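Participant: Starting off with a structure, shown below.
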Ligand SMILES: Nc1nc2c(c(=O)[nH]1)N[C@H]1C(S)=C(S)[C@@H](COP(=O)(O)O)O[C@H]1N2
Ligand SMILES: [Mo]
């Protein structure tokens, strides 16, 4: 019994649905804790740690960067996937042109309003298909989906796609984020079902 919100993938879509996932038509909201209210006028993104110079980006600076449309599949570790989500935003490599990374940097810890964190290896973060999204299906990104702006990392489980981002901390060694400290896998690649840390949940 999958219920009315979930369905088995169609044949032509099944090669896009990772093992153990079901498709959903809706777009569930998955948030630990309350939804922070963040106005674009006060929103800032702080980039610090292993960078040549710490930077604080405001809304207008990020909106002045090249804007792109993205269509990406979204896979939550709680086993729902949504295909062809349409976003608008700024490519991670484009925003990262604004800072010079220290060659020692190997990891990034993403910080959010409300205190959520998640960690990524730089090679997973700096990919061409990753982006900071501020529109969803042609509308301003709703607060419950991470508005005014969130990270989207399509090739990993969606807990890496941090909502309400406000900081990128560059590190030379791995520091685990919120769910990663609480038993989720350090990387979270859906095709190899990197769901939970062995022994805790699996
Ligand atoms: N700041 C923050 N980002 C977050 C979360 C959260 O609780 N707080 N949940 C994560 C999880 S587990 C998932 S599946 C996706 C869900 O995004 P959605 O609520 O837009 O569907 O956001 C991720 N980003
Ligand atoms: Mo999730």
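Nothing in this text is a laboratory measurement; each read-out follows from the coordinates by a stated rule. On a predicted model such as this, the values are computed, not experimentally measured, just so you know. Neighbour counts run over all protein chains shown; Cβ positions are idealised from the backbone, glycine included.
Participant: Could you work out how far apart the two model spin labels at residue 6 and residue 37 are, taking each label as a point 7 Å from the Cα in the direction of the beta carbon, and quote it in nm?
Facilitator: Distance between the two pseudo-spin positions: 3.5 nm.
Participant: Taking Cα centroids, how far is the stretch 1-70 from the stretch 118-164 in Å?
Facilitator: If you average the Cα positions of each part, the centres end up 3 Å apart.
Participant: Which residues in the stretch 31-74 place their backbone N less than 16 Å from a point set 7 Å from the Cα of residue 181 along the Cα-to-Cβ direction?
Facilitator: Label zone hits: 32-33.
Participant: Moving to a separate point now. For the chain, report the translational diffusion coefficient in µm²/s to the nearest whole number, using Stokes-Einstein at 37 °C, 0.692 mPa s, and a Kirkwood Rh over Cα pairs.
Facilitator: 188 µm²/s
Participant: I need the peptides 42-52, 161-171 ranked by packing, meaning the mean over residues of other C-beta atoms within 10 angstrom, with the highest value on top.
Facilitator: Those peptides, ordered most packed to least, come out 161-171, 42-52.
Participant: Stretched out fully, how many nm does the piece from residue 68 to residue 14 gain, at 0.36 nm a residue minus the Cα gap?
Facilitator: Details: separation 54, 0.36 × 54 = 19.44 nm, distance 2.72 nm.
Fully extending the segment from residue 68 to residue 14 adds 16.7 nm.
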